[in-house]
Amino acid sequence: MLSDLTKNYFELFSLDASFDLDLDDLESRFRKLQKEFHPDRFVSVSEQERRIAMQLTAHINEAYQTLIKPLSRGSYMLKLNDINVNDESDTKMDASFLMEQMELREQLDEMKNNNDQEEKIQELTLTIKSGQVKRINELQKCFKTVTDESLIHARNLIRELQFFEKMATQLEELDDDFL
């Protein structure tokens, strides 16, 4: 049981370290591990064993939450390859993406000052979802054949996905305010 705490998230669920996961299979494995190591099953053991069971349950939950989402799964896979996605000293980004980012931010700002925004919110939502899907598809390709170059490209895609996730959240908040 203690050795499970040192396993990476893929090993914990007995999965290959792959960006392409069967999410139903992941959930099934998660539920099985949750049931197997639930702290309630360890009430009659020593305090140390109960503590380890609680730590393992937390580790299982964290692993599942990381692997279930493409953004966090990709970031985790990069971490396993010793690549820091949030390296603050590396601020280089693709110029065309920076332009796209500025345009999307301008559209979002315009909506904040416009009462007739429902249709524009829907259009921008589709644009953001399209940007997310495009990058997730590219990430799948990057992680199929792992090279130094593909990992660097994956890091850039993760950073772009982070932007789209933030935009999606801001757009949801704006839509909630609108309603």
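Where a number appears in this text, it was derived from the coordinates with a stated rule and is not lab data. For clarity, every value in this text was computed on a predicted model and none was experimentally measured. With ideal geometry, Cβ positions are generated from the backbone for all residues, glycine too; neighbour counts draw on all protein chains shown.
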Two pseudo-spin positions, 7 Å from Cα along C-beta at Arg31 and at Glu165, lie apart in nanometres by 2.6 nm
Relative contact order of the chain, defined on C-alpha pairs under 8 angstrom at six or more residues apart (%): 24 percent
Please tell me the relative contact order of the stretch 95-178 in percent, rounded to the nearest whole number, where contacts are Cα pairs under 8 Å and at least six residues apart. 36 percent
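Sorting Ser96, Ser18 on the 10 Å Cβ count, fewest up front, what's the list? The partial results should precede the final answer.
Values: Ser96 8, Ser18 13.
Fewest to most other Cβ atoms nearby, the residues stand as Ser96, Ser18.
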So what's the gap between the Cα centers of the stretch 101-179 and the stretch 1-76, to the nearest angstrom? 29 Å
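Give the longest segment of the chain that steers clear of trypsin sites (Lys or Arg not before Pro) in DSSP loops with at most 14 neighbouring Cβ atoms within 10 Å, not counting the sites themselves. Working shown, then result.
Working: sites that count: Lys7, Lys92.
The reported range is 93-179.
With all pairs of different alpha carbon atoms counted, what Kirkwood hydrodynamic radius in Å does the chain show? Provide the component values of the computation, followed by the final result.
On the way: mean 1/r = 0.0533 Å⁻¹.
One decimal place: 18.8 Å for the Kirkwood radius.
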Pull up the cross-link candidates among the lysines for Lys35, meaning alpha carbon to alpha carbon under 29 Å and not fewer than 8 places away within one chain. Lys7, Lys69, Lys79
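Using a Förster distance of 45 angstrom, determine the FRET efficiency expected from the C-beta separation of Asn8 and Gln122, and round it to 0.05.
Numbers: r = 40 Å, r/R0 = 0.89.
Calculated transfer efficiency: 0.65.
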For every helix of n ≥ 4 consecutive DSSP H residues, a contribution of -39,500 (n - 2.57) applies; sum these over the chain, divide by its total residues, and give [θ] at 222 nm rounded to the nearest 500 deg cm²/dmol. -24500 deg cm²/dmol
How about Lys141: which aspartates and glutamates have a C-alpha closer than 15 Å to its C-alpha, ignoring those fewer than 8 places off in the same chain? Asp20, Glu149
